[in-house]
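Asks: The following block contains the structure, expressed as structure tokens.
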Amino acid sequence: MILIKNCTALEFNPPRVQEGVDILIDDGRIKAVGTGLAGADRADKVIQGQGKLVYPGIVCSHNHFYSGLARGILATIKPSPDFVSVLQNLWWRLDRAIDKEILHYSGLICCLEAIKCGSTAVIDHHASPGYIEGSLATLRNTFLQTGLRGMTCFETTDRNGGMAEVEAGVAENIAFARLIDEKKESEPYLVEAHIGAHAPFTVPQEGMKLLAEAVSSTGRGLHIHAAEDKYDQVDSHARYRQDLTARLEDFGLLGSKAVMVHGLYFSDEDIERLNRHDAFLVHNPRSNMNNNVGYNHKLDAYKNLALGTDGIGSDMFEEFKVAFFKHKDDGGPLWPDSFLRFLHNGNELLARNFNAKFGLLQEGYKADLVIADYDSPTPLVADNIAGHMAFGMGSKDVETVIIDGKVVYENRAFPFDTTDIYRGAREAAARLWKIMDQE
């Protein structure tokens, strides 16, 4: 058991502040919160929380761990005036160059840096056309090695190899879901599966049918990029004569476990369809700005909205701030409290997939939480948590991280030496960039 003594406990939705409380953790869950807790004297580890904030772990609801070695990339990239050319000249070249070793180091680095930022779970969306079979197991191993919770899937697509590539992608998604089912009773249950697809414009009708069969047979939900650029919606209208969410609906791919990513060019009918099926949209403002694809002006129309990074790290404090400030810059009506709710909603995605409770500091909830050294110069109360998040708190304050009841990062240090990991990552990155330039 772990006991955190005399801390200030924060919850984001609904916002709440409790001062001077203890938190008792046992068997991966929160056992009790309060004072004078029964069983506290039997704790194996005691963490002094005086002057510290404790809050539920933050979820990055969409990421690409295959892009972890793209930072500062020195490969030659042709001028890319539009989104499709950015994909062709950068990201599709990068993912084709990934092999098992490169993915191993990319995954490890992304896991470590997520934890350092106070993200206790990351929902990943993977692509490596040259290394499909076994790639998701490689990523799972990096989550287990570092102690990070998460989900992953393979980006089913026909963009390199036609239907053979589609079939291989679906097969990898199914194999990984079955691996999770086999392992989750005997090994730490930290990683779950989605059924992944790149974007509708790279998935033919037969591919959609195979994805639907995979969703049905595994009980998992679809995780797909959708309407990130106008091209995706235009392609759906031109080839299939329907909005792309109608196409997904026709194949039975919308549901409460389905995750749509971006959605910048969703119509009102698209949004209504997602809401009716209780599906999620994940908003990635920094990526949208980086790729110059536009802005999502309809954030307040979604029933279920969460925040992700789309491969730009896992610092969800930074994503939260950019999401809010970009929205205000666009003249939007929402205030920080709405974006705090969006940030919290990643926990609902976890709950739907792990069949457990996440996101509150209460008895029975998963013990995924952060201890932060945030010394506020102004009062911190329930009504202004969102304001502190927008204008003060940040990943710089993260001191200790607990995931599934285990301390994975304490006093800003991991319980193992990361020197060789970072050295290996630099070598793998240089090799990755070289392979890209040899295309």
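The values are calculated or read from the model by the stated rules, or taken from the named source; none is laboratory data. Everything quoted here is computed from the prediction, not taken from an experiment. With ideal geometry, Cβ positions are generated from the backbone for all residues, glycine too; neighbour counts draw on all protein chains shown.
Asks: From the set of residues in the range 331-351 that are surrounded by fewer than 19 Cβ atoms within 10 Å (Cβ to Cβ) and out of contact with any helix residue (DSSP H, G or I) (no Cβ under 9 Å at 6 or more places or on another chain), which is farthest from PRO285 (Cα to Cα)?
Replies: ALA351
Asks: Being under 14 Å from LEU253 (Cβ atoms) and without any contact (Cβ under 8 Å) to a residue 60 or more places away in the chain is true for just one of GLY196, GLY219, GLY162, GLY169. Which residue is that?
Replies: Numbers: GLY196 fails: without any contact (Cβ under 8 Å) to a residue 60 or more places away in the chain; GLY162 fails: under 14 Å from LEU253 (Cβ atoms); GLY169 fails: under 14 Å from LEU253 (Cβ atoms).
GLY219 is the lone residue from the list that is under 14 Å from LEU253 (Cβ atoms) and without any contact (Cβ under 8 Å) to a residue 60 or more places away in the chain.
Asks: OK, next. From TYR302, TYR265, which residue is in contact with a Lys or Arg (Cβ under 8 Å, 6 or more places away or on another chain) and hydroxyl-bearing (Ser, Thr, Tyr)?
Replies: Values: TYR302 fails: in contact with a Lys or Arg (Cβ under 8 Å, 6 or more places away or on another chain).
The unique qualifying residue is TYR265.
Asks: Need the failing condition index for PHE324 against (1) in contact with an Asp or Glu (Cβ under 8 Å, 6 or more places away or on another chain); (2) surrounded by 20 or more Cβ atoms within 10 Å (Cβ to Cβ); (3) of a type outside the set (A, V, I, L, M); (4) modelled with pLDDT of 95 or more, just the number.
Replies: (1)
Asks: Could you please find all residues in the range 155-170 being of a type in the set (A, V, I, L, M, F, W, C) and in contact with a strand residue (DSSP E or B) (Cβ under 9 Å, 6 or more places away or on another chain)?
Replies: First, the residues of the range 155-170 that are of a type in the set (A, V, I, L, M, F, W, C): 163-164, 166, 168, 170.
Within the range 155-170, VAL166, ALA168, VAL170 qualify.
Asks: Among the candidates ILE23, ILE98, ILE77, ILE30, which residue alone is crowded, with 21+ Cβ neighbours inside 10 Å and assigned by TED's automatic domain parsing to the domain that holds THR156? Show your work before the answer.
Replies: Working: ILE23 fails: assigned by TED's automatic domain parsing to the domain that holds THR156; ILE77 fails: crowded, with 21+ Cβ neighbours inside 10 Å; ILE30 fails: assigned by TED's automatic domain parsing to the domain that holds THR156.
Exactly one residue qualifies, and that residue is ILE98.
Asks: Can you list the helices (runs of 4 or more DSSP H) found entirely within the range 58-120 that contain at least 1 residues being basic (Lys, Arg) and touching a residue at least 40 places away in the same chain (Cβ under 8 Å)?
Replies: On the way: elements: 83-86, 92-96, 100-116.
Result: 92-96, 100-116.
Asks: How about the range 216-233: which of its residues are buried (at least 17 other Cβ atoms within 10 Å of the Cβ) and either over 20 Å from the mean Cα position of the chain (by Cα) or part of a loop (DSSP other than H, G, I, E, B) (or both)? Please lay out each step first, then the result.
Replies: So in the range 216-233, the residues buried (at least 17 other Cβ atoms within 10 Å of the Cβ) come out as 218, 220-229, 231-233.
Residues satisfying the conditions are THR218, ARG220, GLY221, ALA227, GLU228, ASP229, TYR231, ASP232, GLN233.
Asks: Among the residues of the range 358-379 satisfying the criterion of being of a type outside the set (Phe, Trp, Tyr) and in contact with a helix residue (DSSP H, G or I) (Cβ under 6 Å, 6 or more places away or on another chain), which is farthest from GLY49 (Cα to Cα)? First the steps, then the outcome.
Replies: Filtering the range 358-379 for residues of a type outside the set (Phe, Trp, Tyr) gives 359-364, 366-373, 375-379.
When the remaining residues are screened for being in contact with a helix residue (DSSP H, G or I) (Cβ under 6 Å, 6 or more places away or on another chain), the result is 359, 372-373.
Numbers: GLY359: 19, ALA372: 9, ASP373: 9 Å.
Among those residues, the one meeting the criterion is GLY359.
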